[in-house]
Amino acid sequence: MKNIFRLFVIAGVLAAMHGCYYYPAAVPVVVPQPTAQQRFDRTWSAAQGAMVDQGLTITHQDRGAGVIQGERGGVAITASVQTLADGRIQVKFNSREAAGADGDLIHRISESYDRRMGL
C-alpha cells in the first residue's frame, strides 16, 4: 500500500514538473537601418524612375543639388530631392505646362514614385 502511494506521489511530482517550462528572455533583434546616403540614393532612383515610367525624357540631372528635370509633350517636370535637418528625405515634383498639355502627368509621376517607394 505504501509503495502504491509513493508511486502516485512520484507520478504526481513528475507530471507537475513536466508541465513547467522556462521561457528564455526575448532576445532583441537588431535590424540595421539604412544610412542617410542609402535613403537618399533610394529616393533619387525612385524619383528618376517615376519620371521615366511616365515617358519623360530626362534633360538634366544634378545629384549634388538634388535636381532632376525632364519633359514630355509640352510638360516640363522638375523633381527636387533634399535631405532635411532631421535626416528625413523630401521629394517635390513641380510642373510647367504648355497650353493643352497633359495636366495629369505630374499626378501619375507622383503615383509611380509612391509605388517605387512601396507606399
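The values are calculated or read from the model by the stated rules, or taken from the named source; none is laboratory data. The shown structure was predicted, so the numbers you read here are calculated from the model rather than taken from an experiment. We place every Cβ from the backbone using ideal geometry, glycine too, and count neighbours over all the protein chains shown. Surface accessibility is based on the protein's heavy atoms, side chains included, excluding ligands, DNA and RNA. Shrake-Rupley method; radii C 1.70, N 1.55, O 1.52, S 1.80 Å.
In table form, for the structure just shown:
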read-out	value
Average accessible surface area per residue within the stretch 47-119, 1.4 Å rolling probe, Å²	58
Under the Karplus curve 6.51 cos²θ - 1.76 cosθ + 1.60, θ = phi - 60°, whole-Hz ³J(HN,Hα) for the stretch 34-51, x wherever Gly or Pro sits	x, 6, 4, 5, 5, 5, 4, 4, 5, 5, 4, 4, 5, 5, 5, x, 5, 5
Karplus-derived 3J(HN,Hα), 6.51/-1.76/1.60, for each residue of the stretch 68-77, Hz, glycine and proline x	10, 10, x, 8, 7, x, x, 10, 9, 10
Summed side-chain charge close to L105 - residues other than L105 whose Cβ falls under 14 Å, Lys, Arg +1, Asp, Glu -1	-3
Gained length - R6 relative to V67, 0.36 nm times residue gap less alpha-carbon distance	13.5 nm
Cut-off 15 Å between beta-carbons: net charge of the residues surrounding V67, Lys and Arg +1, Asp and Glu -1	+1
Trypsin sites (Lys or Arg not before Pro) lying in DSSP loop within the stretch 36-82, provided at most 12 other Cβ fall within 10 Å	R63
For L84, net neighbour charge (Lys/Arg +1, Asp/Glu -1) across residues whose Cβ lies under 14 Å away	+2
Distance (nanometres) between label positions extended 7 Å along Cα→Cβ at V29 and H60	4.6
